[in-house]
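Worksheet: the structure to be examined is printed underneath.
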Amino acid sequence: MLTWIDRLPLYLLVAVALTLGLAPFAPEPHVWEKLKMLAAGNLTRTIDIFDLVLHAAPWVLLLAKLWRMSLGRGGAAG
């Protein structure tokens, strides 16, 4: 079921997490701003929720890939 994650190259997930996952970089990463809004209970607008999902998805995929690799199911590191 999760074999599609195994087929994704690790370097690609790292690159996407560092670019889309953190963009825009100034004044602070967007995902960090949205996580702070979520913790404060201010994440109520639909566009903000979409923004959080968009910027957090690469990090979730990267963590899933690393988890699968740690279990010995993730294939090669490249």
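Values in this text are rule-based calculations from the coordinates and carry no lab data. Just so it is clear, the structure is predicted and the values come from calculations on it, not from any experiment. Cβ sites come from the backbone with ideal geometry, for glycine too, and all protein chains shown count toward neighbours.
Tell me, what is the FRET efficiency for L35 and W67 to the nearest 0.05, using R0 = 22 angstrom and their Cβ-Cβ distance as r?
0.65
Going through region 12-68, which chymotrypsin sites (Phe, Trp or Tyr not before Pro) have at most 15 other Cβ atoms within 10 Å and a DSSP loop state?
In loop regions of region 12-68 (DSSP not H, G, I, E or B), the sparsely surrounded chymotrypsin sites (Phe, Trp or Tyr not before Pro) are F25.
Please report the net charge: other residues with Cβ closer than 15 Å to the Cβ of W32, K and R +1, D and E -1.
Combined, the nearby Lys, Arg, Asp and Glu give -2.
Counting only helical runs of four or more DSSP H residues, what would the 222 nm mean residue ellipticity of the chain come to if each run contributes -39,500 (n - 2.57) and the total is spread over all its residues?
-20500 deg cm²/dmol
Compute the helix-to-body angle for 30-40: its Cα long axis versus the longest principal axis of the chain, expressed 0 to 90° and rounded to tens.
Value to nearest ten degrees: 60.
Find, among the trypsin sites (Lys or Arg not before Pro) in the chain, those assigned to loop by DSSP (not H, G, I, E, B) with at most 13 other beta-carbon atoms within 10 angstrom.
R45, R73
Using just the Cα positions, wrap the chain in a convex hull and report its mean projected area in square nanometres, one decimal place.
Taking a quarter of the hull surface, the average projection is 6.0 nm².
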